[in-house]
Amino acid sequence: MEKPNIKSRLKEKILVLDGAMGTMIQRYKLEEEDFRGDKLKDRPGSLKGNNDLLSITRPDVIKEIHAAYFEAGADIAETNTFSGTTIAQADYSLEDIVYELNFESAKIAKEVADKFSKNEPNKPRYVAGSIGPTNRSAGLSPDVNDPGFRNVTFDELVTAYTQQVQGLVDGGVDLLLVETVFDTLNAKAALYAIQQFFIDNNMDLPVMVSGTITDASGRTLSGQTTEAFLISMSHVNLLSIGLNCALGAEQLRPYLQTLNQKAPFMVSAHPNAGLPNEFGEYDQTPQDMAGQIEVFLKEGLLNIVGGCCGTSPDHIRAISKTAEKYQPRVVNTKTDTVA
């Protein structure tokens, strides 16, 4: 269905991204057979925990999760495709279903988004094709004794990302989100694949990029500061650049301030629900998280806001209500980020 261009919507209001897919899937307490369904019942090895498969084997679960986030106030839903590449799915020997996985995930999210958009035409819903970092790094060696070794090449990443983009676009996404970037070279491969795909198919979609600051040093895993990461991504005309995962909202603030000052694009953030406790769980309440995010909004730092690990529809509901009170960040097109 026809919806306003997301760029025009972003000039009017702060848009809300959904929360954690994995956190919600865990609530269903699914077993091995849920991940297999009839289609994968004879595949060897355990498939439990491969959440992307649920778009094929339990689409009802994924639809319910998307609907719960839209009901909570989300404007944008991410597809259930964080690990939707041949590289990531190789751990399960499921490279052959990657196109279907991405296509079905996009189709499901679009179906739910269109339903909500039809019922609430004044609040159109959008689908972002989630493109994760893969479980390999083109910029870092997995072997401390051999710093020159790489277990994936740039070209291999481009091939994998191109296949993922094909499935997402065919399934009907409105935009693409290269997220949780820990290695800038991987992200560059994703962006190259996206740009080449657009050229080859004579089309264009908005593209978001979101990096992850891994610790209090304020750097990505591959060693870049926030500004260096921004500069590395600025050769592409992005819809937005932002940060997600690894840290809670409070810890992200100084890095979002850097993006606000330097980025010639819109700025996004979808932090975790605080920092994990000793059991790896997230305890931050929706109200506490929304309160920390409100500091960003008062400072005019953001155009898009949502949640990552540990967040639920309750978190998104609180964030959405808070975001309604503030105007979106004004994009600074006269930055000196790129010489």
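Can you give me the number of residues within segment 133-150 that are closer than 19 Å to residue 163 by Cβ and either of a type outside the set (Val, Ile, Thr) or outside any loop (DSSP other than H, G, I, E, B) (or both)?
4
Given the conditions (1) in a helix (DSSP H, G or I); (2) in contact (Cβ under 8 Å) with a residue 40 or more places away in the chain, report the number of the one that residue 130 does not fulfil.
(1)
Please determine, by comparing only the residues of segment 321-333 that are β-branched (Val, Ile, Thr) and loosely packed, with under 14 Cβ neighbours inside 10 Å, which one is farthest from residue 11 (Cα to Cα).
In this case the residue turns out to be 333.
Taking the options 212, 220, 225, name whichever one is modelled with pLDDT of 90 or more, closer than 18 Å to residue 140 by Cα and either under 18 Å from the mean Cα position of the chain (by Cα) or among the charged types (D, E, K, R) (or both).
Answer to the check: 212.
Between 261, 287, which is more than 19 Å from the chain's Cα centre (by Cα), at pLDDT 95 or above and within 22 Å of residue 331 (Cβ to Cβ)?
It is 261.
Restricting attention to segment 233-254, which residues are modelled with pLDDT under 95 and part of a helix (DSSP H, G or I)?
Answer for segment 233-254, where residues must be modelled with pLDDT under 95 and part of a helix (DSSP H, G or I): 249, 250, 251, 252, 253, 254.
Could you figure out which of (1) out of contact with any Gly (no Cβ under 9 Å at 6 or more places or on another chain); (2) at positive phi; (3) among the polar types (S, T, N, Q) isn't true of residue 26?
Looking at each condition in turn, residue 26 falls short on (2).
Given the condition buried (at least 16 other Cβ atoms within 10 Å of the Cβ) and either of a type in the set (Phe, Trp, Tyr) or in contact (Cβ under 8 Å) with a residue 60 or more places away in the chain (or both), answer yes or no: does some residue in segment 49-57 qualify?
Looking through segment 49-57, none of the residues is buried (at least 16 other Cβ atoms within 10 Å of the Cβ) and either of a type in the set (Phe, Trp, Tyr) or in contact (Cβ under 8 Å) with a residue 60 or more places away in the chain (or both).
Within segment 264-280, how many residues are over 28 Å from residue 7 (Cα atoms) and under 20 Å from the mean Cα position of the chain (by Cα)?
Qualifying residue count for the region: 3.
Please tell me if residue 310 is under 21 Å from the mean Cα position of the chain (by Cα), in contact (Cβ under 8 Å) with a residue 60 or more places away in the chain and over 26 Å from residue 206 (Cα atoms).
Against the criterion (under 21 Å from the mean Cα position of the chain (by Cα), in contact (Cβ under 8 Å) with a residue 60 or more places away in the chain and over 26 Å from residue 206 (Cα atoms)), residue 310 qualifies.
Tell me, which residue of segment 84-124 that is among the charged types (D, E, K, R) and over 19 Å from residue 60 (Cβ atoms) is surrounded by the fewest Cβ atoms within 10 Å (Cβ to Cβ)?
Result: 96.
Is one or more of the residues making up segment 168-179 out of contact with any Pro (no Cβ under 7 Å at 6 or more places or on another chain), surrounded by fewer than 20 Cβ atoms within 10 Å (Cβ to Cβ) and closer than 23 Å to residue 304 by Cβ?
yes
Would you mind finding the one in 152, 178, 144, 158 that is closer than 30 Å to residue 125 by Cβ and β-branched (Val, Ile, Thr)?
178
Among the residues of segment 287-320 satisfying the criterion of being touching a Phe, Trp or Tyr at 6+ places or on another chain (Cβ under 6 Å) and part of a helix (DSSP H, G or I), which is surrounded by the most Cβ atoms within 10 Å (Cβ to Cβ)?
Among them, the one singled out is 316.
Test of understanding: among 202, 186, which residue is closer than 27 Å to residue 248 by Cβ and either surrounded by 17 or more Cβ atoms within 10 Å (Cβ to Cβ) or over 17 Å from the mean Cα position of the chain (by Cα) (or both)?
186
From (1) surrounded by fewer than 20 Cβ atoms within 10 Å (Cβ to Cβ); (2) in contact with an Asp or Glu (Cβ under 8 Å, 6 or more places away or on another chain); (3) over 16 Å from residue 73 (Cα atoms); (4) touching a residue at least 24 places away in the same chain (Cβ under 8 Å), pick out the condition that doesn't hold for residue 154.
(2)
The values are calculated or read from the model by the stated rules, or taken from the named source; none is laboratory data. Remember, it's a predicted structure, so these values are computed and weren't measured experimentally. When we count neighbours, we look across all protein chains shown, and the Cβ atoms used for this are built from the backbone with ideal geometry, even at glycine.
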